[in-house]
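Below you'll find the structure, written out as structure tokens, and then a few comments.
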């Protein structure tokens, strides 16, 4: 039986501001988002905004747009609101959005659908609050794909580390994820893969490190590196930066052609 109770208030999910630099772990996600967001967007919504790492970057890119972020983590929202911006943050369940129909020009979800009890209901809500021809951009792990390293590891060790450590309760395949979008009345327009072989190897190593860390599921490699001082800290920081750049370049080159652990999806609401 799946373990459903996961504490999202154990840490702030998404500090700082995301960057398009390859030195940033989420740079490909932000690049893809910027590439596919309508430039005329007046109202933009992020579902599962966490601490606002991506919404702040969107706000800087589209300073004339109204940017909204919703999340269930009160700790992350407290941090998001403490950062200087004009973004409107609300504590809200993505399965029941308190917005009127046809409100937003663009809605995006980054690493969200794998966490929710009813992903179909979330996408139905996305479709409802989008304006006609509005755009949805979603980025979701497809950990149900049998060829991924993590899927193979999960079968071998018979333990779902991602569920236990990060709250991933859904294992999607590409076709299953696309079907969810289409069932919501969203028309598929673009897909791309990310998180390829090197990224998957590093991700598995990080999961194994988390099992040994006393901080448990609140552990992040970034915070671990940041805590190290002196020469050892500089070495770890340089090593981490190299890993991030290499894995980002790998997915940048292979994203259109080869299966990765994350699927980027762009869809549009019918007129």
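Just so you know, all these numbers are worked out from the coordinates, no wet-lab data involved. Quantities reported herein were computed from a predicted structural model and do not represent experimental measurements. Please note: Cβ atoms are built from the backbone with ideal geometry, for glycine as well, and neighbour counts cover all protein chains shown.
For the chain, the longest principal axis of the alpha carbon atoms and the long axis of helix 174-183 meet at an angle near 20°.
Please report 242, 106, 49 as a ranked list, fewest other C-beta atoms within 10 angstrom at the top and most at the bottom. Listing 242, 106, 49 from fewest to most nearby Cβ atoms yields 242, 106, 49. Here the relative contact order of the range 65-186, from alpha carbon pairs under 8 Å that lie six or more residues apart, stands at 24 percent.
Sorting 151, 74, 251 by the number of Cβ atoms found within 10 Å of their own Cβ, with the fewest placed first, yields 74, 151, 251. Summary value for the range 9-122: 28 percent relative contact order, contacts being C-alpha pairs under 8 angstrom separated by 6+ residues. Counting only DSSP beta bridges whose two residues both lie in the range 27-269, roughly 45 percent are antiparallel. Pairs of Cα atoms nearer than 8 Å and 6+ residues apart set the relative contact order; for the range 27-269 it is 21 percent. Our note on the geometry: Cα centres of the range 1-73 and the range 231-261, 20 Å apart. Helix 197-212 and the longest principal axis of the Cα set of the chain meet at an angle near 70°. Helix 230-254 and the longest principal axis of the Cα set of the chain meet at an angle near 50°.
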